[in-house]
Amino acid sequence: MGIISVENTDRLYWLGRYTERVYSTIKIFEARFDSMIDVDDEEYVAFCESQDIPNVYKSKEDFSRRYCFSLEDENSIFSNLMRAYDNAIVIREEIGSDTLSYIQLAVYAMNQAAISKAPLIGLQKVTDNIAAFWGMADDAIDESSIRNMIRVGKLVERIDLYARLKEPSEKIRREARRLANRIDKSTMRYSPKTLAHVNYLVQLDELPYETLIESVEKLVGDRM
Amino acid sequence: MISYTDIFGKNKRVEEMELYVGAGDVNEQLARYGVKFGIYKNNEFKEQLFPFDMIPRVIDSKEFGYLEKGLKQRVTALNLFIEDIYGEKRIVKDGIVPEEFIYAGSGYLSQCEGIRPPKGIYSHISGIDLVQGKDGEWYILEDNLRIPSGASYPMIAREISRRSAPDLFTGKHIEDNRNYAQLLRKTMDHVNVGGHTVILTPGRYNAAYFEHSYLAEKTGAHLVSGSELIVENDHLYFIDYSGRKERVGAVYRRISDEYLDPMNFNRESVIGIPHIFDIYRKGNVALINAPGNGVADDKGIYYFVPKMISYYLGEEPILSNAPTYLPYYEEDMKYVMEHFDDLVLKDVAEAGGYGVVFGNKMTAEEKAKFKEMLKAEPRRFIAQEIIDFLDIDILEKGELLPRKADLRAFVLMAEEPMVWKSGLTRFSRNPDSFIVNSSQGGGFKDTWVLSQ
């Protein structure tokens, strides 16, 4: 493996986490939006609670606009996309211009979606570009540890998100298995003890979601 | 002199160019790859796309051969000048350059006295700005020997243009400019004293950050920030993710002298590397370009470059300076006062198109005030004849519009000087302006050098 700094390993990990966060929250938003059309106007309230997001929104329309597109709302999907961009833009030489371009395209697509009369169709282009970014990262980045750092970030984020949404344990167990397979290949520093704990938690019949979130957040990085 | 109409044919030039735009929208592609530059407006950082005009500047092989010869001569003399100034100072002792122009300029660094960098190269990458007059004559406008930027833009524009409009390039015999990364790598490797080669960036909020990261990717050098490098036991090391230290032998630093080393220059710098200058002095790392080069690209020193060429090389300068006057000399001061309206005045301490005023654009009151300032600080300004630039067409909304443009040529120094067979052509988007700098809203073109 070529030389890589601790800052850049951190950026690759967070690039994985934020791209996953954007991708998954768009998918979740699409489902909630559908329900808000003619079933439950207040669907977003439960969503904010599940995500630990303060409900600062005045209505479903306000939520749909600000949660998706406001850069002043630090919890918005766009803010998270910009965090992915901020991490990606400084590691061009690690991931390559072609791979990086899909994050840039996702940002342009988000800007377009924000002014579109059909934001859901616009957001689809954002997820298309993120999916292309992941595919390109897998295909074009030679260094397997770099690919795996992004993947570890993705899987940690996914477990975190699924736990917040109280998804079925089998679904979370599957992601935990994939994480265990990847993390050593990433050559990142992580806590084996915490990984063992995560694996123990996901096997329990009654999944302790809160404890799992706490644990997975401590697996790598500063909070290890 | 060659025009793009010679390449595309007079009758279908616009149609062909529009086809080129329609074929893939090059600007959209440049946006995709994040081809941007940063500017600060009202203390806020903004990233802007650098507008690209698809009509290239075309230079034929013979004309470029002449430029190449002149550029090599000029950069060779400038390197000898820097070596002399931080060494024997023969040119000052022999009365060719007055010492005020050396020591009073902000580019001179006393810390560099007596230092000879690896392989004796000071200006590894030189950006020489030229304009072509309506008479076809090329004039040097400025030498940039500190951290000249801009090569990445025509490099990536060429890559994208070839994809967007392949037919346009077929059978045209254009020198491939995508070899800039190889030339740069060769330049860096030539002076590397052992270890990795890195590109040191002040960070993503620097105006040229795109270029830093793109050149790192294309040369295979590591893009680093100051916090990732450390001086220990008289050597420079990169600290990797596991805490392991890897030796670094060459640093292409995109940080100005002032911020390079807080122990030797600006103490408040947080982007530099403490003691890097000490180990550079000992020959344990190559710094590209060498600190202290500003002594040779000061606007005041520019006047003396033709004299340097004769002095060091015993040759007549191949390329001409724009006719320049130094109000420092009594005779020139008199000329400047008498021909004020015909001249452009430049503050020697400014760059990027700032500190440039045209005599004929001032009110009577402004003129009087400026003349007083000139008398009080004659060393601060140079005056130049306004060159009647050759306009170059740009394509805007289906129309061909003439605009002022310059050319930044790049000369890289390894075993010998190498002139990149391309360059950054910058143009003014404002029809009434001569100022082409990107920071002032200018755009850019690719520069095609024909191989036959």
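The values are calculated or read from the model by the stated rules, or taken from the named source; none is laboratory data. Given the structure is predicted, the values throughout are model-derived calculations rather than measurements. Here the Cβ is made from the backbone with ideal geometry for all residues, glycine too, and neighbour counts use every protein chain on show. Side chains included, ligands, DNA and RNA excluded: accessible areas come from the protein's heavy atoms. Shrake-Rupley method; radii C 1.70, N 1.55, O 1.52, S 1.80 Å.
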Q: Quick one: in the stretch B:32-72, of everything that is part of a helix (DSSP H, G or I) and open to solvent by less than 10 Å² (accessible area, probe 1.4 Å), which residue is farthest from B:Gly127 (Cα to Cα)?
A: B:Phe64
Q) So which helices (runs of 4 or more DSSP H) stay within the stretch B:97-178 end to end and still have 3 or more residues that are closer than 21 Å to B:Tyr66 by Cβ, out of contact with any helix residue (DSSP H, G or I) (no Cβ under 8 Å at 6 or more places or on another chain) and of a type in the set (Val, Ile, Thr)? A) none
Q.
Here is a check on your reading of the model: is A:Lys171 in a helix (DSSP H, G or I), in contact (Cβ under 8 Å) with a residue 60 or more places away in the chain and either over 27 Å from A:Gly135 (Cβ atoms) or open to solvent by 30 Å² or more (accessible area, probe 1.4 Å) (or both)?
A. no
Q: State all residues of the stretch A:12-27 that are among the basic types (Lys, Arg) and buried (at least 21 other Cβ atoms within 10 Å of the Cβ); if no residue qualifies, say none.
A: A:Arg17, A:Arg21
Q: Keeping to the stretch B:303-318, report how many residues are touching a residue at least 60 places away in the same chain (Cβ under 8 Å) and either open to solvent by 10 Å² or more (accessible area, probe 1.4 Å) or not assigned by TED's automatic domain parsing to the domain that holds B:Asn79 (or both).
A: 8
Q) Identify, please: which residue in the stretch B:338-380 is closer than 25 Å to B:Ser106 by Cβ and of a type in the set (Asp, Glu) and is, among those, least open to solvent (accessible area, probe 1.4 Å)? A) B:Asp347
Q) A:Leu71 passes all but one of (1) within 30 Å of B:Val224 (Cα to Cα); (2) within 14 Å of chain B (Cβ to nearest Cβ); (3) in a helix (DSSP H, G or I); which number fails? A) (3)
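Give the residue that is farthest from the other protein chains (Cβ to nearest Cβ), with candidates limited to residues of the stretch B:204-254 that are of a type in the set (Val, Ile, Thr) and free of Cβ contacts under 8 Å to residues at least 40 places away in the same chain.
It comes out as B:Thr219.
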Q. For residues in the stretch A:185-211 being more than 14 Å from chain B (Cβ to nearest Cβ) and part of a loop (DSSP other than H, G, I, E, B), which is farthest from A:Ser50 (Cα to Cα)?
A. A:Lys185
Q. Looking at (1) open to solvent by 40 Å² or more (accessible area, probe 1.4 Å); (2) modelled with pLDDT of 95 or more; (3) away from chain A (no Cβ under 14 Å), which is the one condition that is false for B:Asp167?
A. (2)
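Yes/no matrix, rows are residues, columns are (1) more than 18 Å from the chain's Cα centre (by Cα); (2) surrounded by 14 or more Cβ atoms within 10 Å (Cβ to Cβ); (3) not assigned by TED's automatic domain parsing to the domain that holds A:Arg17:
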{"residue": "A:Ile130", "(1), (2), (3)": "no, yes, no"}
{"residue": "A:Trp134", "(1), (2), (3)": "no, yes, no"}
{"residue": "A:Met149", "(1), (2), (3)": "no, yes, yes"}
{"residue": "A:Gly153", "(1), (2), (3)": "no, yes, yes"}
{"residue": "A:Arg164", "(1), (2), (3)": "no, yes, yes"}
{"residue": "A:Glu167", "(1), (2), (3)": "no, yes, yes"}
{"residue": "A:Asn181", "(1), (2), (3)": "yes, no, yes"}
{"residue": "A:Asn199", "(1), (2), (3)": "yes, yes, yes"}
